[in-house]
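Asks: There's a structure below that I have some questions on.
The values are calculated or read from the model by the stated rules, or taken from the named source; none is laboratory data. Source: prediction; values computed, not measured. Counting neighbours? That spans all protein chains shown, and the Cβs are built from the backbone with ideal geometry, glycine included. With ligands, DNA and RNA removed, areas are computed over all heavy atoms of the protein, side chains included. Shrake-Rupley method; radii C 1.70, N 1.55, O 1.52, S 1.80 Å.
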Amino acid sequence: MRRLGHHRQHGKQGGVGGRGLLLKLLIAVSVVLLICTLSLLFSATTTATNGSNAPSEINVEKLWESANSGGWRPSSSPRTDWPSPPKETKGYLRVRCNGGLNQQRTAICNAVLAARIMNATLVLPELDANSFWHDDSGFHGIYDAEHFIQSLRFDVRIVERIPEIHKNGKTKKIKAFQLRPPRDAPISWYTTEALEKMKEHGAIYLTPFSHRLAEEIDNPEYQRLRCRVNYHALRFKPHIMKLSESIVDKLRSQGRFMAIHLRFEMDMLAFAGCFDIFSSTEQKILKKYRMENFAKKTLIYKERRAIGKCPLTPEEVGLLLRAMGFNNSTRMYLAAGELFGGEHFMKPFRALFPHLENHSSVDSSEELAANARGLIGSAVDYMVCLLADIFMPTYDGPSNFANNLLGHRLYYGFRTNIRPDRKGLAPVFTAREEGQTASFEEAVRRVMLKTNFGGPHERISPESFYTNAWPECFCQVETQNPDDKCPSENVMQMLHSQLESENMDSEIYNQSDSVVSLAER
């Protein structure tokens with residue numbers, strides 16, 4: 001009886017259990033279907049967000065406007081106690097800034113900071129008249145030296161040259177001790193080794209001086225000093241500014257325009273090792289240039305291209321912009337030296353974008369024609385690119401012309417920059433060359449939608465401080481974070497009063513009675 005009763009009870013429980021199991025299975029199936037449906041919806045949304053469906057996902061009209069600032073604005077004024085340069089200097093600092101315009105600007109910023117760190121008097125920086133530029137314009141030929149000295153009077157002592165010493169009726173010249181700083185030297189090198197030699201000899205001469213001070217310094221005030229130098233004190237001479245403004249005015253008279261730095265030049269191609277797309281004769285020229293100017297290294301074109309080390313070709317630039325939605329009516333200003341390979345490589349680009357200009361086609365003045373390939377021509381290109389509605393570099397390495405421009409445009413009001421992700425685009429262009437053209441434009445847009453078009457963004461290595469000085473050189477009017485709050489409106493007047501009260505040497509500092517306003521700084 002127990003056994004029957006047990007079986008009867010077991011059977012009854014089995015029936016209820018079967019129905020329960022069926023119910024659980026139905027619920028499970030429903031949950032799975034729901035998850036699959038949501039997954040499909042999410043996938044579709046993600047695909048649309050990544051811009052793989054339509055060119056409208058990149059809004060070209062918005063790119064002609066400045067990027068969203070997120071409430072930030074440029075400010076390189078001191079936000080903490082910033083004492084004026086002491087009356088007693090530790091010695092004189094001379095530097096020779098080598099390289100092109102970008103490297104020289106970076107070196108000048110670093111020289112000012114090095115002088116501040118060492119409490120040294122900076123001698124007006126020397127610009128290298130190197131074999132590439134064949135240009136001996138010097139600091140006075142490119143920059144407004146008086147403005148430079150006056151703008152930085154709260155920060156460092158600056159003189160035109162090392163003065164002679166008059167003692168016991170005799171005149172003595174101070175001979176600067178020559179030093180070669182290590183690359184990306186830490187602050188400690190300047191406060192120990194360099195300072196020791198300065199005290200010993202009275203002056204030091206740092207040469208070469210490009211990338212000779214670490215960029216990432218854990219001192220926001222030091223970084224803001226770099227911005228004051230780069231974006232306020234370093235002003236081109238009035239005639240260069242006037243020439244640049246004239247070119248921009250002529251371009252603007254026909255509407256908005258995009259500036260492109262087409263870095264498809266012999267030195268960059270030789271340095272990068274990007275040879276295979278050229279003829280055998282052209283390859284010999286590139287390899288010879290590389291052997292004579294750069295360290296010996298085995299470079300394989302496909303590998304270099306795959307990691308984004310090759311500048312985009314003019315045709316690739318054109319295809320990229322057309323995929324993004326720019327049409328053949330887009331007006332472009334080309335900032336570039338002599339393109340390697342000539343018209344053979346430019347022809348496909350011209351076919352896509354026929355409205356091309358450069359400083360020679362817009363302005364035929366004798367001065368620009370005579371200095372088109374020197375520092376003056378580069379300075380004009382710099383200003384036109386700075387003021388353009390959109391700027392696009394085809395190669396933005398740390399020593400490249402575009403490096404400083406990207407940072408300057410960010411500081412100048414988050415102006416739109418188009419920065420091609422060469423590594424991300426490499427497989428897309430390779431696939432197109434192999435005949436896979438159907439999804440080419442979608443693939444380009446997916447890559448480009450992941451890039452930053454000029455708004456505030458975190459600086460991540462290897463991005464340079466000179467390319468992105470956010471957040472050190474920016475502030476917010478309304479914020480809960482005191483480190484990000486904009487300084488008081490009278491900060492420059494306070495520094496001026498502080499400087500005056502310390503009765504500094506009038507010969508060096510009383511060059512002008514004007515006060516640098518906060519808006520200027």
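Asks: Heavy atoms only, probe 1.4 angstrom, no DNA, RNA or ligands counted: give me ASP267, ASP81, ASP276 ranked by accessible area, highest first.
Replies: Largest accessible area first, the list is ASP81, ASP276, ASP267.
Asks: Counting pairs of Cα atoms in segment 258-350, how many percent are more than 17 Å apart?
Replies: That fraction is 52 percent.
Asks: Can you compute the radius of gyration and Dmax for segment 269-319, using only the Cα atoms, both in Å?
Replies: 11.2, 34
Asks: On to the next question. Work from the charge dipole of segment 157-215 (Cβ charges, +1 for Lys and Arg, -1 for Asp and Glu, about the Cα centre) and give the residue of TRP189, ALA214, PHE177 farthest towards its positive end.
Replies: Result: PHE177, furthest along the dipole toward the positive end.
Asks: So what does log10 I(q)/I(0) come out to for segment 438-480 at q = 0.15, 0.20, 0.24 Å⁻¹, using the Debye formula with one equal point on every Cα and no solvent?
Replies: Each listed q corresponds, in turn, to -0.56, -0.76, -0.89.
Asks: Under a 1.4 angstrom probe, counting protein chains only, how are HIS166, HIS140, HIS232, HIS261 ranked by accessible area, largest first?
Replies: Ranking HIS166, HIS140, HIS232, HIS261 by accessible area, largest first, yields HIS166, HIS140, HIS232, HIS261.
Asks: Under a straight-distance cross-link criterion of Cα-Cα below 19 Å, which aspartates and glutamates are reachable from LYS423, leaving out those fewer than 8 residues away in the same chain?
Replies: ASP276, GLU303, GLU315, GLU316, ASP396, GLU433, GLU434, GLU441, GLU442, GLU463
Asks: OK, next. Holding the Cα-Cα limit at 18 Å, pick out from LYS62/LYS250; LYS62/LYS450; LYS288/LYS347; LYS309/LYS347; LYS87/LYS199 the pairs that are longer than that.
Replies: Result: LYS62/LYS250; LYS288/LYS347; LYS309/LYS347 exceed 18 Å.
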